[in-house]
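Just so it is clear, none of the values below were taken in a lab; they were calculated from the coordinates. None of these values were measured; they are calculated from a predicted model. Positions of Cβ are backbone-derived with ideal geometry, glycine not excepted, and every protein chain shown enters the neighbour counts.
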Amino acid sequence: MLAVIGGSGLTELSSLGEVRRTAVRTPYGEPSGAVTHGTIRGRAVMFLARHGDGHTIPPHEINYRANLWALKEGGATRIVSVASVGGVRADLGPGVLVVPHQIIDYTWGRPSTYFEGGNVPVTHIDFTYPYTGELRQRILEAARAAGETVLDGGVYAATQGPRLESAAEIDRLERDGADMVGMTGMPEAALARELGLEYATIAVVVNHAAGRGESKDGIALDRIEAMLPETIGRARRVIETLVALA
Ligand code: HPA
């Protein structure tokens, strides 16, 4: 079953039928909120709001381990995450949707593995390709079917937040090869891999990154808020088509 982790601006999937919400406890504590089970055009789907139902949990305080555990326990086998990002590459301006193909992790101090503590054997996952290729392709196909333009590929830099970056930090990310920057992509992707879940992201560009384009003199946070509903609405249409085609 497909599960959607919604980011900023996506706290629910409007078209869900037969909704049931379950509070889940996990060995890793509480997820961000109740897991919603519903259907889209007769197909089962789960949904979890990453920042909590009231959008109160900042990126570095999200219990990523509990979130993915709860979704797996509820029957999820594949996760589509929706995440807002700033565009580092010039052509990634507000309103663009991208399915990234790579990640660079700059986060720190976040519980980022299930393989620690107690008697857990030392375990390494292969993370060469952090996103599931087949799921990425399905998202791109759904986008085509929904008539939405979605870019194929890009390097997602995961920063710690919650503050936005300095212009020099964005220059560094660009030198590192990053195309977009967000705060929630890690450890989420790695934990999904550890649990054997398929995982891919729809990145929603809501601003030019610090010092770039229209953010040359600073990031207009009110513009981001204004961008979210329409852009996230397009991501939602892609997801609804994805579920219907699955
Ligand atoms: N930086 C980091 N995370 C973000 C940004 C940004 O510019 N925009 C949306 N999420």
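The stretch between GLU73 and THR113, if pulled fully straight at 0.36 nm per residue, gains 12.7 nm over its current Cα-Cα span.
For SER15 and PHE127, the FRET efficiency from 1/(1 + (r/R0)^6), where r spans their Cβ atoms and R0 equals 22 Å, is about 0.10. Placing a pseudo-label 7 Å from each Cα along the Cα-to-Cβ vector at ARG43 and GLU225 gives an inter-label distance of 3.6 nm.
If I take all pairs of Cα atoms in region 120-239, what percentage of them are more than 23 Å from each other? The share of Cα pairs beyond 23 Å in region 120-239 comes to 40 percent. Averaging the Cα positions of each part gives two centres, and for region 18-45 and region 57-83 these lie 10 Å apart.
FRET efficiency for the pair ARG172 and ARG144, taken as 1/(1 + (r/R0)^6) with r the Cβ-Cβ distance and R0 = 25 Å, rounds to 0.10.
At full extension, ALA90 and ASP53 could sit 10.0 nm farther apart than now, given 0.36 nm per residue minus the alpha carbon distance.
With Cα atoms as the point set, the chain shows a radius of gyration and Dmax of 17.0, 52 Å. For the pair GLN102 and LEU245, the difference between a 0.36 nm per residue extended length and the Cα-Cα distance amounts to 49.0 nm.
Estimate the FRET efficiency between GLN137 and ASP217 by the formula 1/(1 + (r/R0)^6), using the beta-carbon distance for r and 51 Å for R0, to the nearest 0.05. The computed FRET efficiency comes out at 0.85. For region 30-61, the residues whose backbone nitrogen is under 19 Å from a point 7 Å from the Cα of ALA23, taken along Cα to Cβ, are 30-37, 47-57. Taking amide hydrogens as placed 1.01 Å from N in the peptide plane, the amide H of ILE103 sits under 5 Å from those of TYR156, each at least 5 positions away in sequence or on another chain.
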